[in-house]
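The values are calculated or read from the model by the stated rules, or taken from the named source; none is laboratory data. If you're wondering where the values come from, they're calculated on a predicted model, not measured in any experiment. Cβ coordinates were reconstructed from backbone atoms using ideal geometry, including for glycine residues, and neighbour counts include every protein chain displayed.
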Amino acid sequence: MSDFLVSVFRGLYPPFLLFLVWGAAVRIRSRQWTCFDTLLLAAFLVFEFLAAFQVWFFYGVFQTSRRYLWMAVPLSLPFAARGVADIGRRLKSFPRGRDAFHLFLLVFAAASVCNFYTPVLRGYLPGKKRQERLISFRAARWIAEDWKRSAHPFPLKLVKCDQYQSGRHPLVRSPFSRVGYLCGGQRWPEFFLRAGGIAPEYIVGTAPGCPEGYHLAVRLEPGVYIYRFKFKGKMR
């Protein structure tokens, strides 16, 4: 639940949301609010609500991604632009206010770019995320080679319209979400594949303990284990 709330919070992007609220307040205070403003703001709020709760509606799981919520940003631009313009007007009334306003815009733009690229940069800078990226590549390389060698009985399946998946194999359940993609298959998202009785072919674990129906294939490194599916049929 906490991950869901963080995703929604980041998807609404609070600094930008501040400009939206400010701009809407300016429109109302100046008595310039129109029916089109109501329609635009309602469309923004409804889109954000549906983007945040779509997975919960269909699969009963609180899960979303901030990139889904960012898609509604164009609907909020007129209000945000009005908010920025009003802030600029107020700042320019002070000595050197024009310079302060330009500095404010520059800092906001730099912070936005940094926010967008931080997840990528953290994968290359020393730290936990870099270690996870390296483990992901190692695990994906091992799974791809093992999958090619094995006589697997899993044919590719047609993708259903309500399943957000590629239909590719192997299916990989891993705390490092990119492993499934990097090995040529896809990530195993529990909320619909599990409901359909479809099991992952590989499980990447960070703690010892073989799941039922699997066997330990390799100990990739201390604290990282790869388990291989060993029976046919649906999950129990």
Anything in region 39-97 that is among the hydrophobic types (A, V, I, L, M, F, W, C) and closer than 12 Å to Leu20 by Cβ? List them, or say none.
Leu40, Leu41, Phe44, Leu45, Ala72, Val73, Leu75, Leu77, Phe79, Ala80, Ala81, Val84
Note down all Cβ pairs under 9 Å where the first residue falls in region 115-126 and is assigned by TED's automatic domain parsing to the domain that holds Trp70, the second is not in a helix (DSSP H, G or I), and they're at least six residues apart or on different chains.
Asn115/Tyr13
Looking at region 1-57, which of the residues that are modelled with pLDDT of 85 or more, of a type in the set (Phe, Trp, Tyr) and assigned to a helix (DSSP H, G or I) is nearest to the chain's Cα centre (by Cα)?
Phe53
Cβ contacts < 6 Å: first residue under 13 Å from Gly11 (Cα atoms), restricted to region 31-59; second residue modelled with pLDDT of 90 or more and among the β-branched types (Val, Ile, Thr), any location; separation 6+ or different chain. Result?
none
Arg98: assigned by TED's automatic domain parsing to the domain that holds Pro170, basic (Lys, Arg) and in a helix (DSSP H, G or I), yes or no?
no
Of the residues Arg82, Arg67, Arg130, only one is surrounded by fewer than 13 Cβ atoms within 10 Å (Cβ to Cβ), among the charged types (D, E, K, R) and modelled with pLDDT of 80 or more; which?
Arg67
